[in-house]
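Shown next, in structure tokens, is the structure this report addresses.
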Amino acid sequence: MTKITAVITAVGKYVPEDILTNKMLEEMVETNDEWITARTGIKERRILKGEGLGTSFMAIKAAQELIEKRNLDPKEIELVLVATATPDMQAAATAAYVASEIGAVNAFGFDLEAACSSFLYGMSVAARYIESGKYKKVLLIGADKCSSMIDYTDRATCIIFGDGAGAVLFEPSTEGLGLQDEYLRSDGAGREFLRAKVGGSCYPVTPEAVKNKEHFVYQEGKTVFKNAVFNMADVAEKMLERNNLTKEDIQWLAAHQANKRIIEATANRIKLDSSKVMMNIQKYGNTTSATLPLLLADYEKQLKKGDKIIFAAFGGGFTWGSIYLKWAYNS
Ligand code: UT7
């Protein structure tokens with residue numbers, strides 16, 4: 001029997017119109033454009049504004065763009081996965097709402113949360129459903145309204161994060177394309193260094209906690225940076241080694257856009273030329289679950305059928321990993 005693999009057959013994206021530039025941040029906290037650019041590579045990020053608008057708003061727009069581009073009947077979608085660290089609400093799956101709003105009336109939907117690795121892990125989950133042979137159309141959306149959990153008086157975090165969404169459609173193939181290999185890791189010791197402590201089940205929201213700003217993201221940047229550099233580079237290298245790939249075999253590195261220096265360190269470890277490194281951090285900052293699909297959307301026109309892409313991500317938890325995928329279409 002021919003092996004079924006999971007291929008990406010379409011992508012879509014959405015970023016909010018409102019732009020928060022480094023210059024604007026200079027007016028809000030003690031920082032400057034030079035520092036932010038040199039330390040992170042970020043020039044601006046998008047912020048979703050509007051009463052009651054959450055992650056689903058962007059996820060729906062990204063999915064609708066994909067549906068339109070692909071000329072897809074949403075009734076054919078069987079599963080909607082929303083990878084996110086900022087679901088619309090506690091105890092109500094954002095994916096269920098997104099599925100209904102895009103007309104995926106025959107689908108079931110659930111959210112997947114692994115901080116900045118949510119989309120990478122989501123690729124693994126989507127692929128398993130397709131490879132099982134039972135599902136033919138799985139929509140994976142990475143979306144985050146990071147601005148909802150950022151303290152805009154904390155210069156350690158407010159310069160980094162932005163809002164956005166990207167969507168990909170996974171379908172079966174018998175051509176040997178799509179997801180080839182994955183190496184996914186986690187280490188719970190990491191939650192001391194990157195987290196929003198209050199708002200979950202350990203520490204529910206109280207007026208006192210809000211007053212102390214404990215519902216916002218806290219990050220010990222240096223520790224996270226070191227772990228991200230070490231682990232992302234490590235898994236990317238492992239992915240090449242165990243698939244007998246050399247740097248010449250690889251067309252693209254699609255790495256989580258948290259910091260330009262981390263991305264470059266990962267590329268350097270696998271000795272990849274900068275022309276093969278997807279980069280859009282300068283435009284969007286760190287959009288958590290949306291970075292990888294936003295890269296695919298921005299680079300879609302340059303991708304060729306058969307291109308070998310190494311994905312890598314690192315995030316809160318800690319969570320991290322790498323995926324090796326062969327691109328399935330020319331656009
Ligand atoms: O996506 C999830 C994973 N997250 C990440 O991968 C993020 C990892 N961490 C980072 O990207 C970096 O650690 C940051 C960009 C957050 C910070 O860069 P850094 O090079 O690690 O800077 P630092 O925190 O060590 O700070 C260096 C200096 C400090 O001053 P002193 O103590 O040397 O006088 C900070 O107080 O820069 C100062 N500083 C700033 N200056 C201007 C910290 N934040 C700022 C700022 N503007 N926004």
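The values are calculated or read from the model by the stated rules, or taken from the named source; none is laboratory data. As the structure is a prediction and not an experimental result, all values here were calculated from the model. Note that we place each Cβ from the backbone using ideal geometry, even for glycine, and neighbour counts take in every protein chain shown. All accessible areas refer to the heavy atoms of the entire protein, side chains included, with ligands and DNA or RNA removed. Shrake-Rupley method; radii C 1.70, N 1.55, O 1.52, S 1.80 Å.
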Which percent of Cα-Cα pairs in the stretch 179-326 sits in each 5 Å bin, short to long?
-> 2, 9, 19, 20, 18, 12, 8, 6, 4, 2, 1, 0
Compare the Cα positions of THR5, SER117, GLN64 along the charge dipole of the stretch 1-127 (+1 at Cβ of Lys, Arg; -1 at Cβ of Asp, Glu; about the Cα centre) and return the one farthest towards the positive end.
-> THR5
At q = 0.08 Å⁻¹, base-10 log of I(q)/I(0) for the stretch 5-175 (Debye sum, equal scatterers on each alpha carbon) = -0.27
Net charge of neighbours whose Cβ lies under 15 Å from the Cβ of THR266, counting Lys and Arg as +1 and Asp and Glu as -1 = +4
Can you list which of the trypsin sites (Lys or Arg not before Pro) found in the stretch 1-33 are DSSP loop residues with at most 12 other C-beta atoms within 10 Å?
-> LYS3
At a temperature of 37 °C and a viscosity of 0.692 mPa s, determine how fast the stretch 1-96 diffuses translationally according to Stokes-Einstein, using the Kirkwood radius over alpha-carbon pairs as Rh; express D in µm²/s, rounded to the nearest whole number.
-> 197
Once normalised by the length of the chain, the mean sequence separation of its alpha carbon contacts under 8 Å that are 6 or more apart gives a contact order in percent of 25
Could you work out how far apart the two model spin labels at ASP154 and CYS202 are, taking each label as a point 7 Å from the Cα in the direction of the beta carbon, and quote it in nm?
-> 1.4
The chain shape via C-alpha gyration tensor axes, a/c threshold 1.5 = oblate
So the carbon and sulfur contribution to the accessible area of the chain, 1.4 Å probe, in percent, is 50
Taking the stretch 5-175, how many lysine pairs are there with alpha carbons less than 13 Å apart, if each pair must be eight or more places apart or span two chains?
-> 7
A chain fully extended from ILE4 to THR246 at 0.36 nm per residue, minus the present Cα-Cα distance, gains in nm 84.6 nm
Near LYS271, which lysines are there with a Cα under 20 Å away, not counting those fewer than 8 places off in the same chain?
-> LYS226, LYS238, LYS247, LYS260, LYS308, LYS326
Accessible solvent surface per residue of the chain, calculated while the other protein chains remain in place, 1.4 angstrom probe, Å² | 44
